[in-house]
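The values are calculated or read from the model by the stated rules, or taken from the named source; none is laboratory data. From a predicted model like this one, the values you see are computed outputs, not experimental measurements. Because the Cβ atoms are built from the backbone with ideal geometry, glycine has one as well, and the counts that use them run over all protein chains shown. Note: areas computed on protein heavy atoms with side chains; ligands, DNA, RNA excluded. Shrake-Rupley method; radii C 1.70, N 1.55, O 1.52, S 1.80 Å.
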Amino acid sequence: MTGTIIDIKRFTLHDGPGIRSTLFLKGCGLRCTWCQNPEGLDPSLRLFHIPKECIRCGRCEASCPEGAIRRSEHADPFVRIDRDRCTRCGRCVATCPTNALSFDGSAVSAAEAADTLLRDAEFYRQSGGGVTISGGDPLVQHEFALQVLGLCRNAGVHTAIETCLFGDWEIVQRFIPLTDLFIVDLKIADRAEHERHTGRPNPLILENYARLARARAHLLTRLPLVPGVTATEENLVALARLIREKNPGGRVELVNFNPLAVAKYALMERSTEPFAGMVPLAAAEVAAFHALFEAEGLVVVRDHERETAGR
């Protein structure tokens with residue numbers, strides 16, 4: 001089976017316990033306004049253009065059979081891509097001499113993905129690590145993700161997935177026997193606000209979360225601290241109470257906002273306006289939110305404690 005992936009990162013330390021390799025799949029059921037991996041939203045491959053690498057040779061335009069690429073002699077960027085006409089055949093990428101054009105991912109088989117993930121199996125065993133499937137979201141390409149997980153489990157490797165849980169329970173429950181740790185991203189407690197900022201309501205997500213907890217799956221609940229959106233006292237108090245109700249004593253990790261994704265939006269010719277004025281929270285603010293979750297009887301996982309999560 002073949003899937004589309006963003007990348008495979010080896011020797012990661014923030015996607016579960018120990019030393020890990022993380023497979024980032026393309027495709028996500030949500031459309032969060034602050035998405036850190038916008039190249040992972042669409043399961044299909046998309047063309048990236050890096051203007052600063054372009055030498056204006058025109059080879060890409062000449063190679064495109066659909067006429068989807070045009071040069072702009074007197075304005076930037078020099079290369080203009082008609083994405084409605086682009087079939088992602090790859091001819092422009094192959095002919096570009098400077099890698100100014102590239103795809104935002106690649107197509108690989110489950111066996112190829114597992115082979116790469118298992119290259120560092122000895123490091124996983126020594127550190128208590130393993131492999132993580134993230135994204136995007138593994139639920140979108142679930143058949144591919146399940147096949148990769150099965151190959152890794154057969155090799156005796158610890159497995160984890162990172163998911164927003166926006167998917168049918170019939171899909172989610174198929175991951176339980178193959179997944180040692182579910183890293184679940186919860187965003188916003190209020191249904192209307194969740195739909196406004198992610199494009200989807202949250203009842204399905206919360207029901208899947210409750211079902212996983214009842215199934216005694218190992219859970220690490222991860223919450224992004226997005227200034228003015230998720231990182232408000234009202235929202236975090238509500239989330240803390242939801243988690244306490246559905247997963248009493250559960251482990252929670254708060255992830256501070258990272259502005260580095262803005263560069264990806266520029267590459268994809270998408271607006272960076274949603275990030276205007278956003279900066280990471282100060283350490284004191286994060287500490288105050290940690291205390292808020294601990295007051296609800298939840299276990300806050302900090303950076304130096306992550307290696308114990310899921311064991």
Rank Ala121, Ala68, Ala213 by mean-square fluctuation in a GNM of the chain with C-alpha springs under 10 angstrom and give only the top-ranked residue.
Ala68
Which of Cys64, Cys89, Cys35 fluctuates most in a GNM of the chain (C-alpha springs under 10 Å)? That residue is Cys89
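Longest span of the chain, sites excluded, free of GluC sites (Glu not before Pro) in DSSP loop with at most 15 other C-beta atoms within 10 Å? Display every interim value, and only then the final one.
On the way: sites that count: Glu66, Glu73, Glu269.
That would be 74-268.
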Per residue convex hull volume, Cα atoms of the range 208-311, in Å³
129
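With a/c under 1.5 counting as rounded, go ahead and sort the range 9-158 into rounded, prolate or oblate using the C-alpha gyration tensor (a ≥ b ≥ c being the square roots of the eigenvalues; past the cut-off, prolate if a/b is larger than b/c, else oblate).
prolate
For the full complex of protein chains and a 1.4 angstrom probe, list Lys9, Lys52 by accessible area with the highest value first. Display every interim value, and only then the final one.
Working: Lys9 100, Lys52 175 Å².
Sorted by accessible area, descending: Lys52, Lys9.
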Charge dipole (debye, nearest 20) of the range 104-165; +1 at Cβ of Lys and Arg, -1 at Cβ of Asp and Glu:
240
Rounded if a/c under 1.5, otherwise prolate or oblate - the range 93-236, Cα gyration tensor axes
oblate
Helix 283-295 against the longest principal axis of the chain: what's the angle in degrees, Cα atoms only, rounded to the nearest 10?
40
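Summing +1 for each Lys or Arg and -1 for each Asp or Glu, what net charge is found among the other residues whose Cβ lies under 15 Å from the Cβ of Pro224?
Surrounding charge for Pro224 is -4.
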The range 198-243: which trypsin sites (Lys or Arg not before Pro) are DSSP loop and have at most 10 other beta-carbon atoms within 10 angstrom?
Arg216
Rounded to a whole number, what % of the accessible area of the chain do carbon and sulfur atoms account for, probe 1.4 Å?
51
So Thr232 and Asp76, fully extended at 0.36 nm per residue minus their Cα-Cα distance, gain in nm 52.2 nm
So how much slack lies between His14 and Glu122, counting 0.36 nm per residue of separation and subtracting their Cα-Cα distance, in nm?
37.0 nm
For Val237, Val79, give me the order by solvent-accessible area with a 1.4 Å probe, most accessible first, ignoring ligands, DNA and RNA.
Val237, Val79
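About its Cα centre, how strong a charge dipole does the chain have in debye, to the nearest 20, once Lys and Arg get +1 and Asp and Glu get -1 at the Cβ?
My answer is approximately 460 debye.
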Along the charge dipole of the range 198-240, which of Leu225, Ala213, Pro201 sits closest to the positive end, that is, farthest toward it, with unit charges on the beta carbon of Lys, Arg, Asp and Glu (+1, +1, -1, -1)?
Ala213
Please find, in a Gaussian network model of the chain (springs between Cα atoms separated by less than 10 Å), the residue of Lys26, Lys187, Lys246 whose mean-square fluctuation is greatest.
Lys246
A student asked for the Cα radius of gyration and Dmax of the chain in angstrom ought to give 20.7, 63
Probe 1.4 Å - accessible area at Ile133, Å² to nearest ten
0
Over the chain, with neighbouring protein chains present, the accessible area per residue in Å² at probe 1.4 Å is 46
